[in-house]
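Student: I have a structure I would like to understand better, so I am pasting it below and will then ask my questions one at a time.
The values are calculated or read from the model by the stated rules, or taken from the named source; none is laboratory data. As the structure is a prediction and not an experimental result, all values here were calculated from the model. Ideal geometry is used to build each Cβ from the backbone, glycine not excepted, and the neighbour counts take in all protein chains shown.
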Amino acid sequence: MPSLTSLLTEVRSCVLCAEHLPLGPRPVLQVHPSARILIAGQAPGRKVHETSVPFNDASGDRLREWLGISREVFYDAKQIAILPMGFCFPGTGKSGDLLR
């Protein structure tokens, strides 16, 4: 069974879907073994892809407001893990990001 460190290295270097991603692969996630909260989301949007910071957009602002936590707490991987269902930005469709 792989360690968390080796699994994260594998995910962050993944290029499996590269030919289908308009901006190329850039897995965006935040994980630490001591995190007590896991936020599961959809694939990252364009702004998140560009910055490599999860929920670094208006949806992240709303989520942090709903949760009542600061950016500092939200982006402390030792407190909060962020794991998308799709690791990379899938591209843009007719009415928003594509779902793959």
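Residue-wise test of (1) more than 15 Å from the chain's Cα centre (by Cα); (2) surrounded by fewer than 17 Cβ atoms within 10 Å (Cβ to Cβ); (3) assigned to a helix (DSSP H, G or I); (4) not hydrophobic (A, V, I, L, M, F, W, C).
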site	(1), (2), (3), (4)
F55	no, no, no, no
G60	no, no, yes, yes
I69	yes, yes, no, no
A81	no, no, no, no
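Student: Out of the stretch 53-100, which residues are modelled with pLDDT of 95 or more and at positive phi?
Tutor: F55, G68 - these are the residues of the stretch 53-100 that are modelled with pLDDT of 95 or more and at positive phi.
Student: When only residues in the stretch 31-53 that are under 18 Å from G68 (Cα atoms) and assigned to a loop (DSSP other than H, G, I, E, B) count, which is nearest to the chain's Cα centre (by Cα)?
Tutor: A35
Student: Go through the stretch 13-22 and report how many residues are touching a residue at least 40 places away in the same chain (Cβ under 8 Å) and within 15 Å of the chain's Cα centre (by Cα).
Tutor: 1
Student: Related question: Hey, can you tell me all the residues within the stretch 27-49 that are of a type in the set (D, E, K, R) and modelled with pLDDT of 95 or more?
Tutor: The answer is R36, and nothing else.
Student: Sticking with this structure for a sec: Against the conditions (1) assigned to a loop (DSSP other than H, G, I, E, B); (2) at pLDDT 95 or above; (3) over 14 Å from the mean Cα position of the chain (by Cα); (4) not β-branched (V, I, T), where does M1 fall short? Just the number, please.
Tutor: (2)
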